[in-house]
Structure formats: structure tokens, C-alpha cells
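Read the structure below first, then the notes.
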Amino acid sequence: MSIVSASTMATTDQELAERHRYGDPEAFEELYDRFGTMVYNLALRMTGKPEDAADLCQDIFLKIYRHLGTFHGRSSLRTWVYRVAMNCCHSRFRRQRSWRSRLLVDAVEILERVPDERRSPEDNALAQGTAELVTEALSRIPGVYRQAVVLCDIEGLSYEEIGEVLGIRLGTVRSRIARGRDRLRALLEESS
Amino acid sequence: MSHPSVERLSTYLDERLVEAERRRLESHLEECSECHQRLQGMRRVMQRLETLDQQAPPPHLGLLLRRLAAQQATRPTLVDKLEKGARRITVQATVAPVFAVVLALALIIYLLSWGIHRQEHGNIPVILEMEPMSAAEEAPVAEETAAKSEVGARVGAVSAPASENAPEKRDRQPERRRAGRTFLRHGETWIEEGLDLEGAVDQLSFDDPVVQSWVQIYPELGELQSLGGTIRLRVEGRVVEIVFSPVP
């Protein structure tokens, strides 16, 4: 992204927050249109269940709604949204100690997805099977590793962005990603 | 070269190793099939994660959120409430001095009763924080365990009497019970029955039966166990802390 477009984006982010602060209802709609899919998928990877993801997504957006007025553009709005989302995930993780065990039972439900028409039926089945295994493995690694791996390998954030989102140092980011990946490797090799 | 750490392999996959380190690792990988295999496994994990499909959020979610947002918008904000409250106080201005006097009296009574309570109970042994760590305390522990090389996780801290002034009271209470567990006096500290403090001060692995018994009591320790590492007990004054050291 060029410097010009990055600064334009930052202005737009702040404008959006300003509009929300002054009570423009369309600002929140615009925010949902921009980040709805991203937040939902993040919630889906973190919870492993579509219904839990929808529930978590709702919590995240309500929190965003309440606090968007406090966004002052020190980071990008995208990073800020990720941070709010991860805080919500963390709070939920603390509240529901047993969610990991429930995930193991219900991970198969993630398969209820619309097949991608660009792929052949065989490829779709293969992708679905892979997704099931990966989702289940993700649900079995500790939450702090899952957060780091999801942000890095699925959301494509840099180490620096992950550090900013999770409020941790670069060394910790590197370590959590590495351990998360290694745990996933062991689990996937075990299952295959 | 010894086997590279998981962290180094992962950083290599993200192409964030400096040139010299990268070359050293690559030459090791050419000779070591074990590390090569591990690296390939991690690479496959990354590929699988990258290929996970993006899902569209359920259509009802957007509608629901818009409705909830509209509800939030019609609710009075904190500023509205404060303004309303301020108006009420202005109207009933005579109530304010009376309220202030009542508040001051309540504060004085509370402070006096607290002083009396301290005088009466200051020397009685108390056990603090014997319940599993609360949710509010849990996050910093999870953060710190991964961030630091050694962390004092106050999973179960036991406090002993604050002063030496009541030896006869302590002698009468050689043990205390809480939640079906027995705590014995050990100097200035209460230690759970069956816990050998001398041995436990040293570094212990999670396989140790003493540690396993603590894992059963405190589920948080189980979480730490999954991170890999050792624990030991640290006695500092009147408090015993379970100290977790993750694998470096």
C-alpha cells in the first residue's frame, strides 16, 4: 500500500469514528459492511462453532459500537477492530472454561458450509475434510497460541501488527506463533 | 550445530531470519532429516490454514446488530444521565448538605469499626486466596507465563499471622481446614497437609506427585502444564507462591 493510500485510509477511519461520535447511524452500518466478514471469520476460527461465532461477533460489534467514539486513529481502524475482537475472545475464554472440551465434540458442525463452485466436487470434499481437521486441531491448542496463529496464518497480520493487537512484545509473538504451529503440526500428524 | 528451536524454524518459514542465521539453518536442514521433516510439517500447517475458506456471516447477524445498535442509540448516555442528575440536584439543592453530613458520619463509623476489628483480629492466623484464581487474575498469568522466563503465578497463596504477638493463639491452632483440605503451620506459613516444603522449594516437574495434586486443585496449573515447564514453591515472608517456569 502506498503512503498516500495509507494516509487516505487513516483519514477515512477517523472520519468514520467522528461520524459515529456525532450520532450518524450510517457510520456503524458502514463499519459492519467493512469488517463484518473479517470479524465473523475471526470469531469462527477462535470458537470453532458457527453459532458461537455469531454470538461472539455480536458481542464484538456491540463493544465496537460503544467504544468507536474513543478511536483516535493512533493505529488503523482494522488493527483497533482486531484488538477489540481479541479482547472479547479472551474475555469469553476466561468465562467459559469448558469451551475447549465442547469444541472437540462439535467441531464437525463447521462442515455446514456452502461448497465453493469454482472447485470440483472432489476438491470441495478434500478442502472440507482438511478444514474439519484444521478446525479441530485449532480448537485443541491453548488460546494464546490459537490467537497468534489465527492472526498470522489466517488473517495475514505481520508480527508487529499482532504485537499491537494482542499487546505483547515481538519475541512473545514469535514464540507463540512457533509453538502454536508446532502443536498444530503434531496434532495433524497424529490425526493423519 | 545443535538442533534449531521450533521458534527458529517458524521464523525461517516467515522469512524473518537474518542472512547468516538463515544460511546456517539451511546447511543444518540439509544434513538433519528430523529437523527437515519438522519444518515441512510446519509448512503444511501454514498452507492448510491459509486455504481455509472465508465464511459469510449469517444474514440475520447484520440485521440483529443494526437493531441492537439502534436500541443503544436511543438509550440515554452517561452524559445524558449526569446532566439529568445535575438538574435534579439543582432543584433539590437543600438535600445536598444533609447528604454530605450523612456520608461523613458513615465514613467515620466505618473507619472506627475497621480499627476495632484490626485490634481484635490482627493476630489471628488467616488463610488468604485459597480458592482457585479468579477470572480477573487469570489473564495476567497467561500473558506473563509466555512473556517471561520465570513468573510468580499466585495460583494459591497462603498467608500467616501478621505479627508475633499471639503465640498462645497460634499454638492452639496447629492446623486449619478449608474446603475439606487441611493446612498445617510451618513457621510463619500455612502449608497444605502432605506438601513437603523442603523438597518442593526445588524445581519440580509436572510429573511429581506433589505437583499433580496441586494440578487437581488448581485447574490453572493444568493450563500452565500444557505450556511445558517446571514449577517450584517460593516462600517470601508470609506468602507461599507457586512459581511457574516455562521451557526456555
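The values are calculated or read from the model by the stated rules, or taken from the named source; none is laboratory data. As the structure is a computational prediction, the values presented were derived from the model and not from experiment. Neighbour counts run over all protein chains shown; Cβ positions are idealised from the backbone, glycine included.
Checking each residue in the range A:29-73 for being without any contact (Cβ under 8 Å) to a residue 60 or more places away in the chain, buried (at least 18 other Cβ atoms within 10 Å of the Cβ), more than 8 Å from chain B (Cβ to nearest Cβ) and of a type outside the set (A, V, I, L, M) picks out A:Phe35, A:Thr47, A:Asp52, A:Phe71. Restricting attention to the range A:167-192 and to residues that are touching a Phe, Trp or Tyr at 6+ places or on another chain (Cβ under 9 Å) and more than 8 Å from chain B (Cβ to nearest Cβ), the residue that is surrounded by the most Cβ atoms within 10 Å (Cβ to Cβ) turns out to be A:Gly180. Among residues that are modelled with pLDDT of 90 or more, in contact with an Asp or Glu (Cβ under 9 Å, 6 or more places away or on another chain) and in a helix (DSSP H, G or I), A:Leu44 is included.
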